[in-house]
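A short worksheet on the structure shown next.
The values are calculated or read from the model by the stated rules, or taken from the named source; none is laboratory data. Bear in mind that the values here come from a model prediction, so they are computed numbers and not experimental data. Backbone-built Cβ (ideal geometry, glycine too); neighbour counts: all protein chains shown. We work out accessible area using only protein heavy atoms, side chains counted, and drop any ligands, DNA or RNA first. Shrake-Rupley method; radii C 1.70, N 1.55, O 1.52, S 1.80 Å.
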Amino acid sequence: MDEKTHQRVGETVDALPLFSSHEHYCEIDADGSIDVNTLIANSYLDVEWTFLEPGSTQASRASFLSQLRAKSYLRWFTESIRKLYGMDERLTADNWDAYGRLIDERRREPGFLNRIYKDSCRYEAVVQDTYWNPGHVPRGMDYFYGTFRINSFLYSYSRDSEDHNGNNARRLYDFDTDDIDEYVHIMEETILRRFDQGCVALKSALAYDRPIAFAMADKRAASRALRKGSDPNQEEVLVFGDYIFHEICRIAQAHDIPFQVHTGLGLLWGSDPMRFEPVVRAYPGVRFVLFHGGYPWYHSIGGLLHNYPNVYADLVWLPLISPTAATAALHEWIEVANSIERIAWGSDCKTPEESYGASLAFRQVLATVLSQKVEQQYLDVEDALDIARRIASVNARALYLGRKEEG
């Protein structure tokens, strides 16, 4: 491939508007200034994900950066804040405080964070997963659309039980019942009400709570956990969750609601996408959007994408986890998908700073894959550029906003 063609693909990808299928934007609740440590605590560099903390001394920060120097999360975080805050050098222990002062100053500017999303990330639309308040979207961001997280319905057999986010549907939506039919009816009304209010998808993050294998459960067995309230055993909890999840799939199929499903990184022993295959097969009318490339099982996503027309593959988070894995996954998915319209991307970040880094990582992966496909003469340039536009925004817009925009 000649240099001009390579440059054309890269420049086209860099200029594309993006549709992020998944964000967790939240206002940072901090006492005093917001600095580098604050951003890290609200990113994938947090101790929850890296098992390291930067601390407050130059030595501890230098150690933090040294230990993570090859980590993809750090590479894209530092690239993002360097560009956003106009620093000449990447983050070091020596300039850490200088970065912090600039971050705090710029974040106080009215509209600055929104400008990151609109002007730097170039997002034309965002699907927001406010897991602490399911279905709600930030004020003042009319290009944000809600997804409705359903985890709590599987863990609300009593008012005291909770999912991994600490949510309980009975408390969130103010209801009480020990009748399984009434429970499902209230759940369905709640879901449909959220869609009337503007939500565009359902979201399961159950891979953090339990295995993503959901057996067909008997109603009588499921109702036992509900009747026992706060004292069901683990088997009854699992059966109750299985039954409720299948009812949610029924609702999604009846009302043509896209269903985002976390696969991969979570409970690793239970999150291989192939464990979810029986559900995909049981509900052919549900558009299941399988998140995160199923990492580390992105081949499983490719197999499901190949065999099932109701499977959508989403690169969300994967370019941040590993650009190498994301590049390999996208190469494979382009080759096996029966429709290129079933591949999308989202950032999966809490702050606009990290989201910008995720967008940079995704653009690099997309440009790399499509340039290589042209170089290998697998695609011609025009097909590659059309695929770039579709994966960047067209596919997600059709999936999540198609009916809304048609109406």
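For I180, what is the net charge nearby, where nearby means another residue's Cβ is under 10 Å from its Cβ and Lys, Arg count +1, Asp, Glu -1?
Values: positive: K219, R220, R224, R227; negative: D178, D179, D181, E182, E247.
Computed value for this residue: -1.
If you count only protein heavy atoms with a 1.4 Å probe, what accessible area per residue comes out for the range 93-149, rounded to a whole Å²?
Details: 2660 Å² over 57 residues.
For the range 93-149, the per-residue accessible area is 47 Å².
May I ask for the net charge around Y283, where only other residues with Cβ less than 15 Å from the Cβ of Y283 are counted and Lys, Arg are +1 while Asp, Glu are -1?
On the way: positive: R250, R281, R287; negative: D242, E247, D256, E277.
Combined, the nearby Lys, Arg, Asp and Glu give -1.
For D142 and R403 in one chain, what is 0.36 nm times their gap in residues minus the Cα-Cα distance, to one decimal in nm?
Separation in residues times 0.36 nm, less the Cα-Cα distance, equals 92.2 nm.
Tell me the angle of helix 352-375 to the major Cα principal axis of the chain, expressed in degrees between 0 and 90 and rounded to the nearest ten.
Once rounded, the angle reads 80 degrees.
Helix-only estimate, please: 222 nm mean residue ellipticity of the chain, summing -39500 (n - 2.57) across DSSP H runs of length 4 or more and dividing by its residues, to the nearest 500. Let's see the in-between values first.
Working: 18 runs with 194 residues, N = 407.
The helix contribution divided over the chain gives -14500 deg cm²/dmol.
Just to confirm a number: summing +1 for Lys and Arg and -1 for Asp and Glu over residues other than L52 whose beta-carbon lies under 10 angstrom from that of L52, what do you get? Working shown, then result.
Values: positive: K71; negative: D46, E53.
Its environment carries a net charge of -1.
What pairs from K118/K373; K118/K203; K203/K350; K203/K228 go past 26 Å between their alpha carbons? Before the final figure, lay out each step's value.
Numbers: K118/K373 30 Å; K118/K203 24 Å; K203/K350 17 Å; K203/K228 28 Å.
Over 26 Å Cα-Cα: K118/K373; K203/K228.
Rounded to the nearest Å, what's the spacing between the alpha carbon centres of the range 77-142 and the range 160-230? Just the number, please.
34
Taking the alpha carbon gyration tensor of the range 210-261, what are the square roots of 5 times its eigenvalues, largest first, to the nearest whole Å?
So the equivalent ellipsoid measures 23, 12, 9 Å along its semi-axes.
Equivalent-ellipsoid semi-axes (√(5λ), Cα gyration tensor) for the range 26-157, whole Å, largest first? Don't skip to the answer; put the middle values down first.
Details: eigenvalues 165, 81, 37 Å².
Result for the range 26-157: semi-axes of 29, 20, 14 Å.
Please list, ordered by chain and number, the residues whose modelled amide H lies under 5 Å from the amide H of E23; skip anything fewer than 5 residues away on the same chain.
Amide H neighbours of E23, under 5 Å, 5+ apart: V127, Q128, D129, D348.
For the chain, find the longest principal axis of its Cα atoms and tell me its angle to the long axis of helix 180-196, 0 to 90°, nearest 10.
40
What distance in nm lies between label points placed 7 Å from Cα along the C-beta direction at L267 and D94?
Simple spin-label model gives 4.9 nm for this pair.
Using a Förster distance of 25 angstrom, determine the FRET efficiency expected from the C-beta separation of D179 and A213, and round it to 0.05.
Details: r = 27 Å, r/R0 = 1.08.
It comes to 0.40.
Can you work out ³J(HN,Hα) from phi for every residue in the range 308-322, in order, using Karplus 6.51 cos²θ - 1.76 cosθ + 1.60 and θ = phi - 60°, giving whole Hz and x for Gly and Pro?
10, x, 9, 9, 10, 9, 10, 6, 2, 6, 4, x, 6, 5, 7
Between D209 and residues 5 or more places away or on another chain, which pairs have amide H atoms under 5 Å apart, with H built 1.01 Å from N, and which residues are they?
Residues meeting the criterion, in which the H sits 1.01 Å from N, do not exist here.
Expressed as a whole percentage, what fraction of the accessible surface of the chain belongs to carbon and sulfur atoms when a 1.4 Å probe is rolled over the protein heavy atoms? Before the final figure, lay out each step's value.
Values: 7820 of 17090 Å².
Heavy-atom surface of the chain belonging to carbon and sulfur, 1.4 Å probe: 46 percent.
Enter the accessible area per residue of the range 206-283 (Å², integer; probe 1.4 Å; all protein chains in place).
Details: 3240 Å² over 78 residues.
Result: 42 Å² of accessible area for each residue.
Compute the distribution of all C-alpha to C-alpha distances in the chain, in bins of 20 Å from 0, and list the percent of pairs in each, rounded to whole numbers.
Result, from short to long distances: 27, 56, 18, 0 percent.
Sorting check: for 145-156, 74-85, which peptide has the highest mean count of neighbouring beta carbons within 10 Å, and how do the rest follow? Present the calculation step by step, with values, prior to reporting the outcome.
Details: 145-156: 24.1, 74-85: 20.6.
Listed from highest to lowest mean packing, they are 145-156, 74-85.
If R0 is 25 Å, what FRET efficiency do you get for A70 and D29 from their C-beta distance, rounded to 0.05?
Working: r = 32 Å, r/R0 = 1.26.
It comes out at approximately 0.20.
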